[in-house]
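> Please see the structure below; I have some questions.
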Amino acid sequence: MILADVFKSSEFARLDYTTNDRDCPVVVQFAAHDPVDLAHAAQLVAPYADGIDLNCGCPQKWAYKECIGAYLSERPEMVQEMVRSVKGAVDIPCSIKIRKHPTDMRQTIELVRRAEKLGIDWITVHGRTRHQKSTEPVDYEAIKLAKESVSIPVLANGGIFTLADADEMYNRTGVAGVMSARGLLQNPALFAGYAETPLDCVEKYINLALAYGTPTFIFHHHLMYMMESMMSGVERKTFN
């Protein structure tokens, strides 16, 4: 998630975004509350990306206070304005990622239908509200209802840690695909069918991270995620 206002205003901030010809397709996710900022940021990154996504699902308190992320999932009219601005600014696919509304599923349906009318290319629905913990069950019915309310592709997010989780999500909701966040941080080889991160995957990450000069904090963060299940409590404490 990239902050659109910072990205469009700061050349230094834009240095963090790099890609190459083999890194395809690349979808850049922005967080924004201002349509002009979002459109400007999208125009800057469009030549180096294959799609733009608007984050309407980040549940963190700081994001909600900044009127970004999950704040937008409760305000369809704001999302509508930002989708309109992006569609008018770039000619690459655009999507939104949302959360289930905290109290009224009708607002979620209104949101996805408005987005579809504006020409959004796909929608990702996280099956928890912003108030729910990540350990709580995903609401399959909410995702299914959102999917059945539009004709464009709907992807599902939440609770995907194994291929079996992905299959269950697909079978219970009928979505076009699934996304995983924490599951892929813990096991980048998840969709290749591995139950846990293979050591050669860890080795490949280390070589790439060192070659590209990945900042130490990020390097350590990802290694900890990938290797946590392989380490004892003492080893985890030492590694941290």
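> If the limit is 26 Å between Cα atoms, which of K65/K147; K97/K144; K61/K237; K61/K87 go over it? Present the calculation step by step, with values, prior to reporting the outcome.
Details: K65/K147 29 Å; K97/K144 15 Å; K61/K237 28 Å; K61/K87 29 Å.
Too far apart for the 26 Å limit: K65/K147; K61/K237; K61/K87.
> Report the Stokes-Einstein translational diffusion coefficient (µm² s⁻¹, integer) for the range 187-227, Rh taken as the Kirkwood radius over Cα pairs, at 4 °C with viscosity 1.567 mPa s.
Values: Rh = 10.5 Å.
This corresponds to a translational diffusion coefficient of 123 µm²/s.
> Compute the whole-percent fraction of alpha carbon pairs in the range 1-69 spaced more than 16 Å apart.
Numbers: 1075 of 2346 pairs.
Summing the P(r) of the range 1-69 above 16 Å gives 46 percent of all pairs.
> Per residue, what volume in Å³ does the convex hull of the Cα atoms of the range 115-157 enclose?
Working: hull volume 2.9 nm³, N = 43.
Spelled out: Cα convex hull of the range 115-157, divided by residues, is 69 Å³.
> Could you give the length gained on full extension between M1 and D50, defined as 0.36 nm per residue of separation minus the Cα-Cα distance, in nm? Mind dumping the intermediate values first?
Details: separation 49, 0.36 × 49 = 17.64 nm, distance 1.56 nm.
Extra length available between M1 and D50 comes to 16.1 nm.
> Any idea how far the Cα center of the range 54-120 sits from the one of the range 188-240, in Å?
33
> With a 10 Å radius around each residue's Cβ, average the other Cβ atoms per peptide and rank 35-44, 205-214, highest first. Can you show the working numbers first?
On the way: 35-44: 20.6, 205-214: 11.9.
Peptide ranking by packing, descending: 35-44, 205-214.
> Next up: Any chance you could run the full-extension gain for K237 through R113? It's 0.36 nm times the residue separation minus the Cα-Cα distance, nm to one decimal. Could you put the intermediate results ahead of the total?
Working: separation 124, 0.36 × 124 = 44.64 nm, distance 4.76 nm.
Additional length available on full extension: 39.9 nm.
> Determine the sum of side-chain charges near V202: Lys and Arg each +1, Asp and Glu each -1, restricted to other residues whose C-beta is under 13 angstrom from that of V202. Mind showing how you got there, number by number?
Details: positive: K204; negative: E196, D200, E203, E228.
Around V202, the charge tally is -3.
> Solvent-accessible area per residue for the range 99-181 at a 1.4 Å probe radius, Å²?
Numbers: 4150 Å² over 83 residues.
Value for the range 99-181: 50 Å² per residue.
> Could you check which residue among F12, F191, F161 shows the biggest mean-square fluctuation in a GNM of the chain with a 10 Å Cα cutoff?
So, out of F12, F191, F161, the one fluctuating most is F12.
> Per residue of the range 115-125, in order, report the coupling 6.51 cos²θ - 1.76 cosθ + 1.60 (Karplus, θ = phi - 60°) as ³J(HN,Hα) in whole Hz, putting x for Gly and Pro.
4, 4, 4, 8, x, 4, 8, 7, 9, 10, 10
> On to the next question. Once R0 is set to 22 Å, what does the formula 1/(1 + (r/R0)^6) return for the Cβ-Cβ distance between K204 and L184, expressed as a FRET efficiency to the nearest 0.05?
Values: r = 15 Å, r/R0 = 0.67.
Approximately 0.90, to the nearest 0.05.
> Now for a separate question. For Cα Rg over 2.2 N^0.38 Å, pick the label among (1) 1.25; (2) 1.12; (3) 1.05 that corresponds to the value derived from the coordinates.
(3)
> Under the Kirkwood approximation for Rh and a Cα-based Rg, what ratio Rg/Rh is obtained for the range 1-126?
Numbers: Rg = 13.9 Å, Rh = 14.5 Å.
Computed over Cα atoms, the ratio is 0.96.
> Can you tell me, using C-alpha contacts under 8 Å and at least 6 residues apart, the relative contact order of the range 1-160 as a whole percent?
On the way: 296 pairs, mean separation 29.4, N = 160.
That works out to 18 percent.
> Restricting to DSSP H runs of at least four residues, report the calculated mean residue ellipticity at 222 nm for the chain, -39500 (n - 2.57) per run over all residues, nearest 500 deg cm²/dmol.
Working: 13 runs with 115 residues, N = 240.
Computed ellipticity for the chain at 222 nm equals -13500 deg cm²/dmol.
> Also, I was wondering about something else. Among V79, V202, V178, which one moves the most in a GNM of the chain with springs linking Cα atoms closer than 10 Å?
The residue with the greatest mean-square fluctuation here is V202.
> Separate question: For the range 68-190, with all protein chains present and a 1.4 Å probe, just round the carbon and sulfur fraction of the accessible area to a whole percent. Walk me through the numbers on the way to the answer.
Numbers: 2710 of 5550 Å².
Result for the range 68-190: 49 percent of the exposed heavy-atom area is carbon or sulfur.
> Compute the convex hull volume of the Cα atoms of the range 109-200, divide it by the residue count, and report the result per residue in Å³ as a whole number. Mind showing how you got there, number by number?
Numbers: hull volume 9.5 nm³, N = 92.
In the range 109-200, the Cα convex hull volume per residue is 103 Å³.
> Moving on to the next point. Which one of L15, L223, L54 has the biggest mean-square fluctuation once the chain is modelled by GNM with Cα springs under 10 Å?
Of L15, L223, L54, the most mobile in the Gaussian network model is L15.
The values are calculated or read from the model by the stated rules, or taken from the named source; none is laboratory data. Fair warning: this is a prediction, and the values are worked out from it, not measured in the lab. All Cβ positions, even for glycine, are placed from backbone atoms using ideal geometry, and neighbour counts span all protein chains on display. Remember, those area values only see protein heavy atoms, side chains included, never the ligands or the DNA or RNA. Shrake-Rupley method; radii C 1.70, N 1.55, O 1.52, S 1.80 Å.
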